[in-house]
Amino acid sequence: MKRLTAILRKTTSAIGLLLIVLLAGNALQIFAHGGEDHGDAKPKTQTTDKGTVSHSSRLGDLEVMLKHPVFAPDTATEARLFVTKFETNEAFKDVAPAVEIESATGAVTQAVIEKSETAGVFSVKFPALPEGTYTVRTKLTHDGETDTATFSGVEVKNQPLAEAENGGMSWLRTVLIGFVFLIVLGLFGALSYFVLRFSSTGERINKETVSA
């Protein structure tokens, strides 16, 4: 009885840990910011395996980060702009940001920026753009000064098949999680049944022994 109870507890703990690990991989990235490594002060661009692009740069005492999915040709794109204090990563709200994107031919398009309900966070809407390589400039105006972060080599392109498959992998992960969960429920139910059965059997044997 005690052995079965111990097995049941260990199995439950293992199940909880497995589900936490599987679910952790599905965290949203585009609309989250915080805890990133500052690295050096130079502008930098990073792309995750899920197709999220982040541009970050230090502008004086502030840090700016622009996050968006990979630009697809002739498709409007929504991004998030985060403005924080460089040293503390604290949101900085007393700023007027502007974002523009310049094509290889020199044509400049202004993005539409809207404040969000969260301090230091702005919604950035890019219009549909033709395929090509662009330069994105993020300007911050505060305390009577304007600083500009320039990110070059931003591509507007059709996603490769490997990137498109990431969506399929996310779907597959969800199916696997559901499958594992069903197996776990089955094992848990079976263990619970045996624990209750042996418990009842033990009580019946004890009663029969006492009666005898």
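Annotations
- Sequence of Leu59, Leu182 once ranked by neighbouring C-beta atoms within 10 Å, starting from the fewest: Leu182, Leu59
- Exceeding the 26 Å Cα-Cα cut-off - candidates Lys67/Lys157; Lys50/Lys93; Lys115/Lys157: Lys50/Lys93; Lys115/Lys157
- Counting all C-alpha pairs of the stretch 62-128, share separated by more than 16 Å (%): 50 percent
- Based on Cα atoms of the stretch 44-158, Rg over Rh with Rh as the Kirkwood radius reads 0.95.
- Once both labels are positioned 7 Å from their Cα atoms along Cα-to-Cβ, the gap between Thr48 and Thr88 label points is 2.7 nm.
- A Förster distance of 35 Å, applied to the separation of the beta-carbon atoms of Gln110 and Leu182, puts the FRET efficiency at 0.10.
Here, each number is a calculation from the coordinates, and none is a lab measurement. Treat the numbers as computed from the prediction; the structure is a model and nothing was measured. Please note: Cβ atoms are built from the backbone with ideal geometry, for glycine as well, and neighbour counts cover all protein chains shown.
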